[in-house]
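Structure first, commentary second.
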Amino acid sequence: MEKDRHFGPPPEEIPLMMLINEISRLFHNHMRRENERIGLQEGFRHLLFQLAREDNLSQLEITKRAHLKPPTVSVSLRKMERAGLVTRANDPFDQRLTRVCLTEKGRELDRLERESIHQAEQMFAEGLSDEEQQVLRKLLINMRDAILEKQDLE
């Protein structure tokens, strides 16, 4: 007889958001350890992710895309600049805006981070078919978008 792989209460009794939170926490802890291994400071991951996908963003754009508070982004960008991961410069058309770009060192760190995420994703999705992963991705995106839409209305 196959050993029961579930821990805690029966799966049908676990609230959906608690399960998502638990998986998120497990992923976060795994990525924290991986980030330490590759030399990526904890608060930089979300900003690095945004800048690697679209360079030359304003601090305000980064704040909105990363769903972080402006002071958090400002402090992290200052530290990232000191670490040689980003450069910041005034927008040539609007001096009120500061544009942020990744350096080569920042791009290399992003490459290492992507590899770590890919490996973690394979580990976390083990046992799910490609089709199940696509369905799960679509459902989670729908949930995220609904939450963000409601937050925008508040």
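Structure above, values below:
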| quantity | calculated |
| --- | --- |
| Semi-axis lengths (Å, descending) of the ellipsoid that matches the C-alpha gyration tensor of the chain | 34, 20, 14 |
| Relative contact order of the chain, defined on C-alpha pairs under 8 angstrom at six or more residues apart (%) | 20 percent |
| MRE, 222 nm, helices only [DSSP H, n ≥ 4, -39500 (n - 2.57), over the chain, to nearest 500] | -21000 deg cm²/dmol |
| Protein-only accessible surface order, largest first, of Thr72, Thr98 at 1.4 Å | Thr72, Thr98 |
| For the chain, built as a Gaussian network whose Cα springs stay under 10 Å, the top-fluctuating residue of Met31, Met123, Met18 | Met18 |
| Volume in Å³ per residue [convex hull over Cα atoms, computed for the range 78-128] | 110 Å³ |
| Carbon plus sulfur fraction of accessible area for the chain, probe 1.4 Å, in percent | 56 percent |
| Most fluctuating residue given options Glu12, Glu108, Glu132, as computed from a GNM of the chain linking Cα atoms under 10 Å | Glu12 |
| Exposure of His67 as accessible area (Å², to 10), given a probe of 1.4 Å and all protein chains | 120 Å² |
| Asp130 accessible area, assembled protein chains, probe 1.4 Å, Å² | 120 Å² |
| In Hz, Karplus ³J(HN,Hα) per residue of the range 100-117 (6.51, -1.76, 1.60; θ = phi - 60°; x = Gly, Pro) | 10, 10, 6, 8, 4, 4, x, 5, 5, 5, 5, 4, 5, 5, 4, 4, 4, 5 |
| Neighbour net charge for Glu42 - beta-carbon separation under 13 angstrom, K R +1, D E -1 | +2 |
| Amide proton proximity set for Leu57, modelled H, under 5 Å, gap of 5+ | Val100 |
| Extension gain from His67 to Arg107, taking 0.36 nm per residue of separation minus the Cα-Cα distance | 12.3 nm |
| Surface/4 of the Cα convex hull for the range 1-72, nm² | 7.8 nm² |
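The values are calculated or read from the model by the stated rules, or taken from the named source; none is laboratory data. Since the structure is predicted, the reported quantities are computational estimates derived from the model, not experimental observations. FYI the Cβ positions are ideal-geometry reconstructions off the backbone, even for glycines, and counts take in every protein chain you see. Heavy atoms of the whole protein, side chains included, go into the accessibility calculation; ligands, DNA and RNA do not. Shrake-Rupley method; radii C 1.70, N 1.55, O 1.52, S 1.80 Å.
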